[in-house]
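Have a look at the structure below, then the notes.
The values are calculated or read from the model by the stated rules, or taken from the named source; none is laboratory data. Everything numeric here is computed off the predicted structure, so don't read it as measured data. Every residue, glycine among them, receives a Cβ derived from its backbone with ideal geometry; neighbour counts consider all protein chains shown. These area figures cover heavy atoms from the full protein model, side chains too; ligands, DNA and RNA do not enter into them. Shrake-Rupley method; radii C 1.70, N 1.55, O 1.52, S 1.80 Å.
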Amino acid sequence: MSPESAAFVTGVCEALDNDPTRLLDILLEVEAQFGHVGGEVMDLIAETLKVPRVQVEGVVSFYAFLHSEPRGKVVIRLCNDVIDRLRGADRVAEALEDELGIHFGETTPDGLFSLEHASCIGMTDQSPAALVNDVVVPSLGSSKARRGIQVLKEKGDFDELQKLLIRDHGDGNNAHPLVRSAVRNNLRQPGAVIFGPKTKPGAALERALAMSPAEVIRELKTARLRGRGGAGFPTGMKWEFTRAAGGDERYLICNADEGEPGTFKDRVILTERPDLVFEGMTVGGYALGARQGILYLRGEYAYLRPLLEHVLEERRASGLLGHDIQGKPGFDFDIRIQMGAGAYICGEETALISSMEGKRGDPKTRPPFPAQEGYLGKPTSVNNVETLCCVARILEMGSGWFSSMGTPASTGTKLLSISGDCSRHGIYEVPFGITLREVLEMCFADEPFAVQIGGPSGQMVGMEAFDRKICFDDLATGGALMILGAGRNVVEIAAEQLRFFVHESCGYCTPCRVGNVLLLERLEQILAGNGEAADLDYLEQLARSVKTTSRCGLGQSSPRPVLSTLENFREEYEKLLIEPVDGQLASFDINTALGPAKALTGRDSVHFEQQGGER
Amino acid sequence: MAKAKVATTSLCGCFGCHMSLLDIDERILELIELVDFDRSPINDFKEIQGPVDIGLIEGGCANEENVKVLQEFRRHCKVLISVGDCAINGGIPAMRNMVPLAECYEEAFLKGPTVVNPSGKVPDDEEIPLLLDKVYPAHEVVKMDYHLPGCPPSADTLWAALTALLTGKPVDLPYELVKYD
Ligand SMILES: Cc1cc2nc3c(=O)[nH]c(=O)nc-3n(C[C@H](O)[C@H](O)[C@H](O)COP(=O)(O)O)c2cc1C
Ligand code: SF4
Ligand code: SF4
């Protein structure tokens, strides 16, 4: 390592007070500078922060956006989510491999390009999509991919490529000078709460500050607001617990890690309503008695960070953040943005906290719950982006206004991220209680065969569920709705979703780390035409074990693609099954098993002829 | 009533599971009252004679002959049991699954410190069964009905399972018979 490089690294550490809890930020900055975090650099960071070297290496190896080996100057990360693949991502992948002469996971010999896969990058409404370094490239066809590579090879200039890839900016704030992205909002149907008319920043806060913190929390309880991040826990109750926990230091975290495949609603909120999010956080700061709020932004949305920082600056300038906010003596609150680094599990609130503390993004054992001991061991409330927007609107418009929408137990509106086989992908803000059929009509799904509700951790339902309601007590969803048209193979899709969980499991506990691999193997066997009836029982039993014995929400929901398709689409599995002959397993192929030995010994089998069967 | 037929074999195992069966000691006299042995190392029959009620499989499949024998057992046995960790998991022999097959052959026939092989070639003699690409547990080759874990399962475990099956009672293995620490 050159002295300049060493100085850079120690400088980055120094700028963050050599604070080991900021390890993730340090590593992200070092990676941005050098393209990777090499062994010597890890040594130096460990030494500077006075942490064990293995902690640094553990963090580097955990996140998709950190690398210990050098990669190309241009890193192309193609999203390989189910929807992207249904819409041609594999052809794009072939085109990229062909143009560059390398496979995924490799770097060109000249060190210019690397190809990688990414789990859902939050663009399923404009798929296939890829990240080229930090730049999001939506609607990427194979010819566009080829052209892009050719231009880059000729000009060797990343700016040229960017111009080509982003010829048109998206709508709304995507065209903002601080964003300049080709992403489109696809906001198909605004509703009253989140995407209603924009209001003056500070309106909700003004009302909140006229009340006591306890009254603010009571207002949320009266509105019967439930969390929008998936679990649906009552927000007022969560804040009450957090406030009631001892000590005088508390934190509010906005969970903008949006990693559930097929979900992209938080992306559009952050693009178009950042003020509303920060307003909700500030109200939270007041209600909880927290002085610090943190927005954990997924690495894939890094392109939104300049805009968000700008909005924060504006709010500081107009006295909506900082000291004695809006003239309320002693109410101090500020917000910082924490970048994530490409790990789905970090959306789980305790993993998110680990990640923010500079550790691997492993979930923590509960209890203690974050409300008791969260970030840095202090009482912490983690809330979804959409939830915090609801908070702001409830304070501004009143709990009666909010609870008049939706159903008695699921009040307000819900943002749905709709993708898949329909003609109008995008964001729909609908009142809770709407039926699935109404939603399908709204987005022009012509021949819906199955709908994946709530992403891979949700459930796959068929036609018989179309009259059910979208709400917490019936079809619950964090927002994703993937539509599968006639002719789609739900078993293949379940396998695809399991691959996602296998990839994203943090590996801490055995049922999730091993169980999901076994489930996937058996599904692949069935898909290869080698499954028999007993395999379905095996899948069901194993899936139940994984569900009941895993340590965190990821493992507890990872078998749901299998369980819900077995429940709702059993006939699709049965179509693939065969009758075993003589108790022999079709999945065992003697010719494959003997191939290498035949080649090594130069002779044929004594017992088995090439065509299978005994001689 | 005719006596039940039992067949046993050792595929890629160490015969430890069979030794454990012999550890039932004098109960073997009772066993003989209940069963006749078809193919088994105990009587040294080389081929299965006829329909068999219970087949006991020790060891997994490491080579073509193991596969042939196991498939033959499956065809003739009503109930087939994986006995011991090798049959169930591949066991010690499956440690070679981490090593490419070419290196296994090389070590065994060409480069191993005790090897004398002037031909310098991997033998192609038909007497030496071809190895499979990896060691497979029995249930990845044919359908297995029961699994008796242990290395080896104790004589009491084998006895409890066998007598229950032979007398048509549910197989009930108390905790002491399937715990290993
Ligand atoms: C594997 C996993 C991933 C999650 N990802 C997210 C996420 O991306 N965004 C989110 O808000 N909540 C996510 N959650 C839920 C959070 O743990 C937490 O419940 C939520 O942020 C609480 O906010 P809410 O009460 O406003 O819904 C995830 C949970 C699990 C188990
Ligand atoms: S369930 Fe999966 S993701 Fe959760 S702690 Fe266990 S291994 Fe990690
Ligand atoms: S399970 Fe143990 S005793 Fe039985 S064959 Fe394998 S190594 Fe030998």
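The single residue among A:Glu348, A:Glu386 that is among the acidic types (Asp, Glu), open to solvent by less than 10 Å² (accessible area, probe 1.4 Å), in contact with a helix residue (DSSP H, G or I) (Cβ under 9 Å, 6 or more places away or on another chain) and within 16 Å of ligand 1 (Cβ to nearest atom) turns out to be A:Glu386. If you go through segment A:579-587 one residue at a time, do you hit one that is touching a strand residue (DSSP E or B) at 6+ places or on another chain (Cβ under 9 Å) and on the phi > 0 side of the Ramachandran plot? The answer is yes; a qualifying residue exists. Of all residues in segment A:546-558, none are within 10 Å of chain B (Cβ to nearest Cβ), part of a helix (DSSP H, G or I), of a type in the set (Ser, Thr, Tyr) and over 19 Å from B:Lys143 (Cα atoms). Take the conditions (1) closer than 22 Å to A:Pro261 by Cβ; (2) open to solvent by less than 20 Å² (accessible area, probe 1.4 Å); A:Phe500 misses just one of them, which is (2). Comparison of B:Leu21, B:Leu31, B:Leu70 shows that the only residue that is within 14 Å of B:Leu166 (Cα to Cα), in contact with a Ser or Thr (Cβ under 9 Å, 6 or more places away or on another chain), among the hydrophobic types (A, V, I, L, M, F, W, C) and crowded, with 16+ Cβ neighbours inside 10 Å is B:Leu31.
One residue stands out among those in segment B:75-102 that are in contact with a helix residue (DSSP H, G or I) (Cβ under 9 Å, 6 or more places away or on another chain) and of a type outside the set (A, V, I, L, M, F, W, C): the one that is nearest to A:Thr601 (Cα to Cα), which is B:Pro100.
Quick check on B:Val83: is it buried (at least 17 other Cβ atoms within 10 Å of the Cβ), away from every other protein chain (no Cβ under 11 Å), away from ligand 1 (no atom under 16 Å from the Cβ) and touching a residue at least 40 places away in the same chain (Cβ under 8 Å)?
Numbers: buried (at least 17 other Cβ atoms within 10 Å of the Cβ): yes; away from every other protein chain (no Cβ under 11 Å): yes; away from ligand 1 (no atom under 16 Å from the Cβ): yes; touching a residue at least 40 places away in the same chain (Cβ under 8 Å): yes.
Here the answer is yes, as B:Val83 does meet what is asked.
Residue check: is A:Leu295 at pLDDT 95 or above, more than 16 Å from ligand 3 (Cβ to nearest atom), farther than 30 Å from A:Pro456 by Cα and open to solvent by less than 10 Å² (accessible area, probe 1.4 Å)? No, not satisfied.
Going through segment A:335-345 one residue at a time, which ones are more than 12 Å from ligand 1 (Cβ to nearest atom) and outside any loop (DSSP other than H, G, I, E, B)?
Keep residues of segment A:335-345 that are more than 12 Å from ligand 1 (Cβ to nearest atom), which gives A:335-339, A:341-342.
Across segment A:335-345, the qualifying residues are A:Ile335, A:Arg336, A:Ile337, A:Gln338, A:Met339.
Restricting attention to segment A:525-536, report how many residues are open to solvent by 40 Å² or more (accessible area, probe 1.4 Å) and at pLDDT 95 or above. Explain how you work it out, then say what you get.
The first filter runs over segment A:525-536 and keeps only residues open to solvent by 40 Å² or more (accessible area, probe 1.4 Å), leaving A:525, A:527-528, A:530, A:533-534.
Then keep just the ones that are at pLDDT 95 or above; that gives A:527.
Count: 1.
Quick check, is A:Ala534 under 21 Å from B:Met144 (Cβ atoms) and not in a helix (DSSP H, G or I)?
no
Looking across segment B:102-120, just one residue is hydrophobic (A, V, I, L, M, F, W, C), open to solvent by less than 60 Å² (accessible area, probe 1.4 Å) and more than 12 Å from chain A (Cβ to nearest Cβ), and that is B:Val115.
Being within 11 Å of ligand 1 (Cβ to nearest atom) and closer than 21 Å to A:Leu288 by Cα, is that true of even one residue in segment A:352-365? Checking segment A:352-365: at least one residue is within 11 Å of ligand 1 (Cβ to nearest atom) and closer than 21 Å to A:Leu288 by Cα.
Can you name the residue in segment B:42-61 that is under 11 Å from the mean Cα position of the chain (by Cα) and closer than 29 Å to B:Tyr105 by Cα and, of all such residues, is farthest from the other protein chains (Cβ to nearest Cβ)?
To start, the set of residues in segment B:42-61 that are under 11 Å from the mean Cα position of the chain (by Cα) comprises B:55-61.
If we keep only those that are closer than 29 Å to B:Tyr105 by Cα too, we end up with B:57-61.
Numbers: B:Ile57: 12, B:Glu58: 18, B:Gly59: 16, B:Gly60: 12, B:Cys61: 8 Å.
Residue satisfying both the conditions and the ranking: B:Glu58.
Remark: pairs (first residue in segment B:24-35, outside any helix (DSSP H, G or I); second residue of a type in the set (D, E, K, R); Cβ separation under 6 Å; 6+ apart in sequence or on different chains) = B:Val35/B:Lys3. Among what's in segment A:322-356 and is more than 30 Å from A:Phe500 (Cα to Cα) and out of contact with any strand residue (DSSP E or B) (no Cβ under 8 Å at 6 or more places or on another chain), pick the residue that is nearest to ligand 3 (Cβ to nearest atom). The extreme case among them is A:Phe331. Taking the conditions (1) closer than 30 Å to A:Leu498 by Cβ; (2) touching a His at 6+ places or on another chain (Cβ under 9 Å); (3) open to solvent by 50 Å² or more (accessible area, probe 1.4 Å) in turn, A:Asp90 satisfies each one other than (2).
The listed residues are A:Pro596, A:Pro580, and the only one of them that is within 25 Å of B:Glu140 (Cα to Cα), open to solvent by 30 Å² or more (accessible area, probe 1.4 Å), within 12 Å of another protein chain (Cβ to nearest Cβ) and touching a helix residue (DSSP H, G or I) at 6+ places or on another chain (Cβ under 7 Å) turns out to be A:Pro596. Go through segment A:105-114 and report how many residues are crowded, with 20+ Cβ neighbours inside 10 Å and closer than 24 Å to A:Ile345 by Cβ. The qualifying residues number 1.
Can you find even one residue in segment B:145-153 that is within 12 Å of chain A (Cβ to nearest Cβ) and either of a type in the set (Ser, Thr, Tyr) or buried (at least 18 other Cβ atoms within 10 Å of the Cβ) (or both)? No: zero hits. Selection within segment A:200-242: residues that are touching a Gly at 6+ places or on another chain (Cβ under 6 Å) and open to solvent by 80 Å² or more (accessible area, probe 1.4 Å). The member of this set that is nearest to ligand 3 (Cβ to nearest atom) is A:Phe233. For A:Glu396, the test of being more than 16 Å from ligand 1 (Cβ to nearest atom), free of Cβ contacts under 8 Å to residues at least 60 places away in the same chain and either among the aliphatic types (A, V, I, L, M) or open to solvent by 10 Å² or more (accessible area, probe 1.4 Å) (or both) is failed. Looking at segment A:505-524 only, could you name the residues that are in contact (Cβ under 8 Å) with a residue 12 or more places away in the chain, open to solvent by 20 Å² or more (accessible area, probe 1.4 Å) and within 16 Å of ligand 1 (Cβ to nearest atom)? If the condition is that a residue be in contact (Cβ under 8 Å) with a residue 12 or more places away in the chain, open to solvent by 20 Å² or more (accessible area, probe 1.4 Å) and within 16 Å of ligand 1 (Cβ to nearest atom), then A:Ser505, A:Cys506, A:Tyr508, A:Cys509, A:Pro511 are the ones that fit.
Here's the yes/no breakdown for (1) among the aromatic types (Phe, Trp, Tyr); (2) closer than 19 Å to A:Thr565 by Cβ; (3) in a helix (DSSP H, G or I):
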position: A:Ser381; (1), (2), (3): no, no, no
position: A:Leu395; (1), (2), (3): no, no, yes
position: A:Ala409; (1), (2), (3): no, no, no
position: A:Leu416; (1), (2), (3): no, no, no
position: A:Val430; (1), (2), (3): no, no, no
position: A:Arg437; (1), (2), (3): no, no, yes
position: A:Ala450; (1), (2), (3): no, yes, no
position: A:Ser457; (1), (2), (3): no, yes, no
position: A:Glu464; (1), (2), (3): no, yes, yes
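If you filter segment A:361-370 down to residues that are surrounded by fewer than 24 Cβ atoms within 10 Å (Cβ to Cβ) and in contact (Cβ under 8 Å) with a residue 12 or more places away in the chain, you find that the one that is farthest from ligand 3 (Cβ to nearest atom) is A:Phe369. For segment B:92-101, taking the residues that are more than 14 Å from chain A (Cβ to nearest Cβ), aliphatic (A, V, I, L, M) and closer than 18 Å to B:Cys14 by Cβ, the one that is farthest from ligand 3 (Cβ to nearest atom) is identified as B:Met95.
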